[in-house]
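Working notes for the structure below.
The values are calculated or read from the model by the stated rules, or taken from the named source; none is laboratory data. Quantities reported herein were computed from a predicted structural model and do not represent experimental measurements. Cβ sites come from the backbone with ideal geometry, for glycine too, and all protein chains shown count toward neighbours. Surface accessibility is based on the protein's heavy atoms, side chains included, excluding ligands, DNA and RNA. Shrake-Rupley method; radii C 1.70, N 1.55, O 1.52, S 1.80 Å.
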Amino acid sequence: MHYETRFCPHCATALVPIVMAEDGGDKERLRCPACGWTHWNNPTPVLAAIVELDGKVLLARNAAWPPKMFALITGFMEAGESPQEGIAREVKEETNLDVLSCRIVGAYEFLRMNQVIIAYHVVARGEVKLSPELVDWRLYDLHELKCWPAGTGYALADWLRTRGHEPVFFT
């Protein structure tokens, strides 16, 4: 869920929109009139993994998603870890797989959630055991994969192109 910040986290005063002069020109931001705290509303970085297991790509289904919806493994970075450490941790936590190698695919906007997705291709090994937040998983040959028109789907499409496959998108 996406919640909007309405009150100052320091003094609990209601935030008000104030126009601020910035390097790129004036910008309206929410600011606390009592203590001056500013809500910058910067995008949150999210990590995504195209998990390759035994030459196939693993997609998983979140418990909150519709039955036919499968996607990449994703998660948030923890303080003090690099993106590569974060994606290896997320893959381990969500699938029980060990990451053997990790290469960046790219960065993708996900404006609806105010996020920036940092996508990696990881080669993994082990036995899949899903975390409680995931309810199903499948392995796909590259030619079977269909991409979706959102951040992680664009990452998968870009990665497929590097493998000589022209991506097919759901319509």
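Go through Glu52, Glu94, Glu90, Glu78 for me and flag whichever is closer than 30 Å to Leu156 by Cα, open to solvent by 50 Å² or more (accessible area, probe 1.4 Å), within 25 Å of the chain's Cα centre (by Cα) and not hydrophobic (A, V, I, L, M, F, W, C).
On the way: Glu52 fails: open to solvent by 50 Å² or more (accessible area, probe 1.4 Å); Glu94 fails: open to solvent by 50 Å² or more (accessible area, probe 1.4 Å); Glu90 fails: open to solvent by 50 Å² or more (accessible area, probe 1.4 Å).
Step by step, each of Glu52, Glu94, Glu90, Glu78 is checked, and only Glu78 is closer than 30 Å to Leu156 by Cα, open to solvent by 50 Å² or more (accessible area, probe 1.4 Å), within 25 Å of the chain's Cα centre (by Cα) and not hydrophobic (A, V, I, L, M, F, W, C).
Pull out all pairs, ordered by first then second residue, where Cβ-Cβ is under 8 Å, the residues are six or more apart or on different chains, the first lies in the stretch 92-107 and is more than 17 Å from Ile118 (Cα to Cα), and the second is among the polar types (S, T, N, Q) and not in a strand (DSSP E or B).
As it stands, the answer is Glu93/Ser131; Glu94/Ser131; Thr95/Ser131, since those pairs meet every condition given.
What is the number of the single condition among (1) in a strand (DSSP E or B); (2) open to solvent by less than 50 Å² (accessible area, probe 1.4 Å) that Ala21 does not meet?
(2)
List pairs: first in the stretch 118-139 and at pLDDT below 95, second in a loop (DSSP other than H, G, I, E, B), Cβ under 7 Å, 6+ apart or cross-chain?
Going by the 7 Å Cβ cut-off, the qualifying pairs are Glu133/Ala63.
Could we say that Leu100 is open to solvent by 60 Å² or more (accessible area, probe 1.4 Å) and within 24 Å of Leu156 (Cα to Cα) here? Outline the logic, then answer.
Details: open to solvent by 60 Å² or more (accessible area, probe 1.4 Å): yes; within 24 Å of Leu156 (Cα to Cα): yes.
Here the answer is yes, as Leu100 does meet what is asked.
Identify all residues within the stretch 24-43 that are open to solvent by less than 60 Å² (accessible area, probe 1.4 Å) and closer than 30 Å to Tyr108 by Cβ; write none if there are none. First the steps, then the outcome.
Here is the first cut: in the stretch 24-43, the residues open to solvent by less than 60 Å² (accessible area, probe 1.4 Å) are 25, 29-30, 32, 36, 38-39.
Within the stretch 24-43, Gly25, Arg29, Leu30, Thr38, His39 meet the criteria.
Can you tell me which residues in the stretch 121-153 are out of contact with any Asp or Glu (no Cβ under 9 Å at 6 or more places or on another chain), assigned to a loop (DSSP other than H, G, I, E, B) and closer than 29 Å to Thr171 by Cα? Break it down into steps so the answer makes sense when it comes.
Start the filter on the stretch 121-153 by keeping residues that are out of contact with any Asp or Glu (no Cβ under 9 Å at 6 or more places or on another chain), which leaves 127-129, 132, 135-138, 140-150, 152-153.
If we keep only those that are assigned to a loop (DSSP other than H, G, I, E, B) too, we end up with 127-129, 132, 141, 145-146, 148-150.
Listed by number, the residues that qualify are Asp141, Leu145, Lys146, Trp148, Pro149, Ala150.
If you take the residues in the stretch 64-113 that are in contact with a Leu (Cβ under 7 Å, 6 or more places away or on another chain) and in a loop (DSSP other than H, G, I, E, B), which one is nearest to Lys129 (Cα to Cα)?
This residue is Leu97.
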